[in-house]
1. Which FRET efficiency, nearest 0.05, do residue 369 and residue 220 yield, Cβ-Cβ r, R0 41 Å?
2. In what order do 563, 84 fall by count of nearby beta-carbon atoms within 10 Å, going from fewest to most?
3. If R0 is 41 Å, what FRET efficiency do you get for residue 430 and residue 485 from their C-beta distance, rounded to 0.05?
4. Note down the net charge around residue 69, summing +1 for each Lys or Arg and -1 for each Asp or Glu among other residues with Cβ under 11 Å from its Cβ.
5. Multiplying the sequence separation of residue 213 and residue 540 by 0.36 nm and subtracting their Cα-Cα distance, what value in nm do you get?
6. Quick check: the distance between the Cα centres of the stretch 519-582 and the stretch 412-464, to the nearest angstrom?
7. Sorted from fewest to most neighbouring beta carbons within 10 Å, what does the list 491, 146 look like?
8. Would you pull out the residues with amide H under 5 Å of residue 642's amide H, same chain only if 5 or more places away, H placed 1.01 Å from N?
Amino acid sequence: MFNVPQALKRLVIGKAMRSEELGETLLPKRLALPIFASDPLSSVAYATQEILLVLTVGGTAFLYLTPWVAAGVVLLMAVVVMSYRQVVHAYPSGGGSYEVVSKNLGDNAGLVVAASLLVDYVMTVAVSVASGVDNIISAMPSLADYRVELAVAFVVLLAAMNLRGVRESGKAFAAPTYLFIGGILLMVVTGFVKVLSGHTPVASSAGMGIIPVDGKDTLAGLGLLMLGLRAFASGCTALTGVEAISNGVPAFRAPKSKNAASTMSVMGITAVVMFVGITALSLITKVHYVDDACQLTGVPGDCKTFAQPTVIAQLAASIFGGDQSILFYLIQAVTALVLILAANTAFNGFPLLASILAQHRYLPRQMHTRGDRLAFSNGIIALAVVAGGLLVLYKADVTSLIHLYILGVFTSFTLSQIGMVKHWNRTLATEADSAVRAAAQRSRVINGFGAVVTALVLVIVLITKFTQGAWLAVVAAVVLWVMMRGIRRHYDTVAEELAVDDPHAESVRPSRVHGIVLVSKLHKPTLRALGYAQAFRPDSLEAVTVSVEKDATRELESQWDEYDLQVPLKVLDSPYREITKPVVGYVRTIRRTSPRDAIAVFIPEYVVGHWWEHLLHNQSALWLKSRLLFTPGVMVISVPWQLSSAGRADHPSRRAPGSVRRGEPAVRSEHEKIPAPENA
């Protein structure tokens with residue numbers, strides 16, 4: 001019988017892969033770059049914009065700070081990339097910052113990093129997709145009313161692509177990433193050629209004045225310093241996703257560490273070149289970008305409805321000739337596409353980290369399970385759901401979402417660099433080889449400098465962004481940390497409780513086994529359950545029914561005597577028409593009478609084949625099972641009877657008694673007391 005859900009699943013994610021095919025999913029460097037580095041590469045599209053957004057609160061007076069802020073971001077990028085190259089070589093197993101911190105600073109510190117990164121991965125998806133939609137709207141303003149719908153649709157599309165597997169998503173996303181790099185570099189080179197030839201491009205907003213926010217144009221001293229630091233903190237969004245390569249080392253082809261380190265270097269150099277080019281051209285072309293369009297003077301029409309083109313859109317228009325140029329639309333298209341695909345970095349990093357945490361028992365074990373295409377499907381779906389919810393909640397607004405961003409990533413940067421310093425200290429304490437010691441000392445200097453710089457940035461980000469919404473990210477990370485500690489505590493408690501202390505004492509047989517077959521009517525499922533129960537040869541066996549309707553109970557007793565089934569039938573009264581309570585009470589009474597006995601409860605059930613058939617039956621059996629399972633010394637045994645609708649090609653008569661196929665429809669109990677009789 002044709003299975004529609006399975007057909008749709010195969011259409012979306014493709015044919016299932018065998019576990020031994022995992023090696024075929026390993027990535028060459030050309031695919032690893034767009035998969036793991038699309039976030040830091042694409043963030044240059046809005047990092048400059050975020051710097052300008054902060055500095056223009058004072059009008060144009062403080063735009064002279066832009067080169068200094070950008071230089072700070074570039075220096076920080078170089079330090080972080082060099083530091084993470086050390087992580088890749090020292091810890092190639094793929095734990096990244098989490099593994100470094102856990103092994104060197106302890107489990108609690110490691111969980112701080114893990115919680116921070118998980119929150120930051122969610123924000124990466126939300127911010128990247130929202131920014132991509134912004135660029136689409138810059139080219140097609142008519143889509144502004146569908147901002148949220150577009151953002152959520154892109155998240156669903158990204159999740160579907162990643163469910164197809166890492167390698168497949170890499171192939172799909174490689175071309176847009178490389179087109180974006182090529183397009184931005186072409187724009188930067190063309191812009192500088194025009195400047196050098198005396199035809200300096202002019203941005204569309206260059207002629208618009210900027211009205212300073214009240215009192216902000218006269219900032220000096222500490223106020224000016226805080227403004228510069230806030231702009232620097234906003235510009236540090238260019239560093240988001242840098243750590244993803246260190247988390248994804250196992251996904252690289254051999255030699256894994258070398259290939260991962262090389263990819264990280266290429267990513268760092270490319271991102272710096274693009275960021276510097278965009279920032280320089282923004283100043284040269286006099287791009288003006290503000291938080292509120294009503295800050296601008298000379299805006300065409302109503303400032304409240306005026307949609308500011310993004311910095312990239314203004315540069316592309318001034319350099320390539322506006323909306324009359326194919327290259328303008330190409331830049332907008334690839335920028336929007338790569339910003340949306342930048343979320344793919346999180347769709348690879350989040351499931352990998354969640355899988356490691358699940359393996360260490362800090363997240364549900366389902367997060368460590370690979371799906372049909374050998375991707376960590378549960379992590380992908382969880383990320384898509386949470387990020388989609390944020391986009392709806394914040395109406396896919398980049399400015400609102402950006403304040404929740406980058407706090408987590410600098411927490412992981414700082415702690416991982418401190419952890420690496422401790423790692424090199426331990427190496428130097430035990431290593432005698434002079435060459436190895438010299439390399440370790442160089443690495444310690446790099447990581448030590450990285451720790452100081454990233455800690456300083458973390459403080460700056462915390463101070464400048466906390467009241468603007470970053471406190472929500474802090475709260476989310478704290479809640480996640482507490483939750484992960486609770487999950488680990490639960491798993492540890494379960495493991496301790498299940499551990500075998502005395503194999504002989506704990507495998508002792510019960511004194512007797514008392515069998516109970518639950519009966520509602522006398523039909524084929526009931527007779528099969530009786531036969532199975534007798535095959536188990538319990539020390540005693542009885543059938544039990546609950547009397548809800550007197551006439552039906554008398555008819556059942558009459559049939560029981562007529563068929564001479566050789567199994568006594570016990571009737572439990574139920575004046576309030578309950579089924580579960582009388583059965584559970586009777587079973588517990590037997591347990592109290594004979595605590596060393598075991599009780600086996602057999603429940604005859606049948607299997608329905610269609611979803612709508614489930615609606616025709618109540619759920620009393622599920623509740624009854626759940627109550628019985630909480631009773632010590634009681635075993636619940638389901639005896640299925642497959643109806644013909646459960647599979648025409650696999651009729652019950654052609655199967656071994658009681659067998660159930662993989663993926664078979666849900667089971668419904670025949671122990672369902674309903675007024676009208678049912679036909680088997």
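1. Details: r = 58 Å, r/R0 = 1.42.
The pair residue 369/residue 220 has a calculated efficiency of 0.10.
2. Details: 563 10, 84 28.
Ordered by Cβ neighbours within 10 Å, fewest first: 563, 84.
3. Numbers: r = 32 Å, r/R0 = 0.78.
About 0.80, to the nearest 0.05.
4. Details: positive: 230; negative: 50.
My count for the surroundings of residue 69 gives 0.
5. Numbers: separation 327, 0.36 × 327 = 117.72 nm, distance 8.65 nm.
Length gained between residue 213 and residue 540: 109.1 nm.
6. 72
7. Numbers: 491 17, 146 14.
So the ranking, lowest neighbour count to highest, is 146, 491.
8. The list, which skips near neighbours in sequence, is 607.
Read-outs: derived from the displayed coordinates by stated rules, not from any lab. Predicted model only: the values in this text are computed from it and were never measured. Neighbour counts are summed over all protein chains in view; Cβ atoms, including those assigned to glycine, are modelled from backbone coordinates with ideal geometry.
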